[in-house]
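Here is the structure we will look at.
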Amino acid sequence: MIYFIPIGGLCNRMRALDSAVSLSREIDVPLRVYWMKVHNLNCSFSDLFDPTPEYEVVEKTAPFVCDAASKEYLFDPRTYRILSKREWHILNNFNVKELIGQQFDFRLLKHHRQILMATNTRFYPSNRMNSIFVPLAFLRQRIDRECERFQPNTTGIHIRRTDHRWAINNSPTELFIRAIENEIKWRPDVSFYLASDCIETKRLLHGRYGDRIITSFHASDRTTKEGIRQALVELYALSRTQKIYGSYCSTFSETAANIGGIHEITVSNIIHSAVHISIAENLPTKALQMPL
């Protein structure tokens with residue numbers, strides 16, 4: 001049995017759980033998922049997604065991890081002592097990332113009887129994110145309404161703000177404006193779907209480009225259930241665009257591209273060449289490290 005704890009925000013959890021489900025299928029080991037409501041994701045799995053027969057989800061309101069950001073001690077020390085005596089194989093977030101760096105074959109975990117993992121990252125390839133996560137019926141309806149004005153050339157824009165310092169510093173709004181201007185220059189009829197956790201940014205771009213910008217002004221606050229539901233709606237709407245101009249080091253941009261099997265172009269003022277992989281389709285995704 002794999003006991004799996006996806007940690008972090010919504011998209012961190014989705015990419016980690018996507019890996020766990022694929023690994024579970026590959027090695028034919030049952031998967032039980034512990035989904036925890038914490039300050040940076042105050043929402044249950046059942047408040048967002050349909051149940052699935054592929055894995056069991058256990059909702060937890062009181063986490064048994066002491067610090068999701070810790071590099072050394074993800075689990076409470078008492079958890080280590082108890083489970084180690086019972087011959088569990090325990091991997092915290094730091095362990096998982098170390099093994100990724102060592103190009104470890106996670107299929108070898110099938111040799112352990114009981115596995116406890118907690119991570120926020122993708123550790124095993126998958127091309128099934130769009131089928132593993134099925135939003136609730138009323139959220140699918142909201143996603144459809146969000147996309148009603150989409151055209152074949154609608155381009156996605158994701159601008160991450162609030163507490164994401166790397167995105168704020170390395171993906172400033174003026175670079176997104178430059179990307180929008182370039183798109184308009186080459187495709188005068190282009191429209192844009194804007195997803196963002198910042199209402200002021202949405203107002204700025206909508207005020208500048210009018211109806212060319214398709215967006216919603218509902219708050220996507222991660223501390224409330226409705227805010228996270230709105231974020232999920234914007235995530236799936238973004239995945240239906242032609243391509244995405246995304247924020248630096250943003251799992252939201254990456255996850256939308258994975259769901260839709262589309263290219264993500266990272267808007268960044270860090271100049272170096274890089275290639276992202278859209279795992280949903282295993283397609284190379286150009287990461288244009290700006291300025292454009």
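Tabulated data
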{"item": "Per-region count, the range 196-229, residues acidic (Asp, Glu), within 12 Å of ILE159 (Cβ to Cβ) and not in a loop (DSSP other than H, G, I, E, B)", "result": "1"}
{"item": "Residues (surrounded by 14 or more Cβ atoms within 10 Å (Cβ to Cβ) and modelled with pLDDT under 90) located in the range 55-64", "result": "LYS60, PRO63"}
{"item": "Residue count for the range 133-146, restricted to those that are of a type in the set (A, V, I, L, M, F, W, C) and outside any loop (DSSP other than H, G, I, E, B)", "result": "4"}
{"item": "Conditions (1) closer than 19 Å to HIS164 by Cβ; (2) at pLDDT 90 or above; (3) in contact with a strand residue (DSSP E or B) (Cβ under 8 Å, 6 or more places away or on another chain): number failed by ARG212", "result": "(1)"}
{"item": "Check on ASN127, farther than 20 Å from MET1 by Cα, modelled with pLDDT under 95 and touching a Gly at 6+ places or on another chain (Cβ under 9 Å)", "result": "yes"}
{"item": "Filtered residue count, the range 150-167, keeping only those that are in a helix (DSSP H, G or I) and closer than 14 Å to PHE252 by Cα", "result": "2"}
{"item": "Count of residues meeting criterion [without any contact (Cβ under 8 Å) to a residue 40 or more places away in the chain and part of a strand (DSSP E or B)] in the range 18-60", "result": "12"}
{"item": "Among residues of the range 214-266, those that are out of contact with any Gly (no Cβ under 9 Å at 6 or more places or on another chain) and closer than 23 Å to ASP189 by Cβ, counted", "result": "4"}
{"item": "Any hit, the range 162-177, residues being farther than 23 Å from ARG222 by Cβ and touching a Pro at 6+ places or on another chain (Cβ under 7 Å)", "result": "yes"}
{"item": "Selection status of SER216, in contact with a Lys or Arg (Cβ under 7 Å, 6 or more places away or on another chain), of a type outside the set (A, V, I, L, M) and farther than 30 Å from ILE2 by Cβ", "result": "no"}
{"item": "Some residue of the range 265-280 being in contact with a helix residue (DSSP H, G or I) (Cβ under 6 Å, 6 or more places away or on another chain), at pLDDT 90 or above, among the hydroxyl-bearing types (Ser, Thr, Tyr) and closer than 16 Å to ILE168 by Cβ", "result": "no"}
{"item": "VAL38 under 29 Å from ARG140 (Cα atoms), within 18 Å of the chain's Cα centre (by Cα) and modelled with pLDDT under 90", "result": "yes"}
{"item": "Answer residue from the range 193-202, given it is within 19 Å of the chain's Cα centre (by Cα) and over 14 Å from ARG149 (Cβ atoms) and is surrounded by the fewest Cβ atoms within 10 Å (Cβ to Cβ) among those", "result": "CYS198"}
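To keep it simple, each residue is scored yes or no on (1) part of a helix (DSSP H, G or I); (2) within 25 Å of ILE262 (Cα to Cα).
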position: LEU99; (1), (2): yes, no
position: GLN103; (1), (2): no, no
position: PHE123; (1), (2): no, yes
position: SER131; (1), (2): yes, yes
position: GLU148; (1), (2): no, yes
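For (1) in contact with a Cys (Cβ under 7 Å, 6 or more places away or on another chain); (2) assigned by TED's automatic domain parsing to the domain that holds GLU254; (3) closer than 19 Å to SER196 by Cα, each residue gets a yes or a no:
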site	(1), (2), (3)
LEU91	no, no, no
PHE104	no, no, no
GLN114	no, no, no
ALA118	no, no, no
ILE157	no, yes, yes
THR162	yes, yes, yes
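Residues checked against (1) surrounded by 15 or more Cβ atoms within 10 Å (Cβ to Cβ); (2) under 14 Å from TYR236 (Cα atoms); (3) within 21 Å of the chain's Cα centre (by Cα); (4) without any contact (Cβ under 8 Å) to a residue 60 or more places away in the chain:
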residue	(1), (2), (3), (4)
THR121	yes, no, yes, no
PRO172	yes, no, yes, no
PHE176	yes, no, yes, no
VAL190	yes, no, no, yes
LEU204	yes, no, no, yes
ASP211	no, no, no, yes
SER216	yes, yes, yes, no
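The values are calculated or read from the model by the stated rules, or taken from the named source; none is laboratory data. Here the structure is a predicted model, which is why all the values come from computation and not from measurement. All Cβ positions, even for glycine, are placed from backbone atoms using ideal geometry, and neighbour counts span all protein chains on display.
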